[in-house]
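What follows is a single structure, written as structure tokens, with notes after it.
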């Protein structure tokens, strides 16, 4: 017996949650679900109430909020760590979803104990090497 349709869509959501910082397009998400792009987009929206691209962007912004509160990194570094390639797009989407710019958010939420940026950058490089080694 095949898994219910929501299980297929959940596999794609899990992929987004796990690999949000990597370049993910609709095709890669649909492949994870075992659907065509268009069927997947409809099924994802039905299951989660938003399109897969909006979910991916929201996950990236949520992670950026965590980093802005706790990491000693520039906004540009955070932008790239969470999967955006354009600082302008990142800042615009952040402002749309959060209601203020990344810099203003940091100013209002920064905690005194921050993770050194060099630690996060090194962790990111190690994670990238592991992903590359796992690819066939």
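If you take the alpha carbon atoms of the range 1-49 and fit the smallest convex hull around them, that volume is 68 Å³ per residue. For the chain, the longest principal axis of the alpha carbon atoms and the long axis of helix 87-98 meet at an angle near 80°. Summarising the label geometry, the points placed 7 Å from Cα in the beta-carbon direction at residue 103 and residue 118 lie 2.6 nm from one another. The long axis of helix 37-48 is offset from the longest Cα principal axis of the chain by roughly 70 degrees. On the basis of the beta-carbon distance and an R0 of 35 Å, residue 134 and residue 25 show a calculated FRET efficiency of 0.95.
Pull out the extension gain between residue 127 and residue 14, defined as 0.36 nm times the separation in residues minus the alpha carbon to alpha carbon distance; nm, one decimal.
So the extension gain works out to 38.9 nm.
In the chain, the longest principal axis of the Cα atoms and the axis of helix 117-134 are about 20 degrees apart.
Got a sec? Which residues in the range 26-67 would a label at residue 85 touch, if it sits 7 Å along Cα→Cβ and we count backbone N under 15 Å? Output list for this probe position: 26-28.
Using the alpha carbon gyration tensor of the chain, what are the three equivalent-ellipsoid semi-axes (square root of 5 times each eigenvalue), largest first, in whole Å?
On the way: eigenvalues 176, 69, 28 Å².
Gyration-tensor ellipsoid for the chain: 30, 19, 12 Å.
Laboratory data are not the source of any read-out in this text; all were calculated from the coordinates shown. Worth saying up front: this structure is predicted, and the values here are computed from it rather than measured. Using ideal geometry, Cβ is built from the backbone for each residue, glycine included, and neighbour counts are taken over all protein chains shown.
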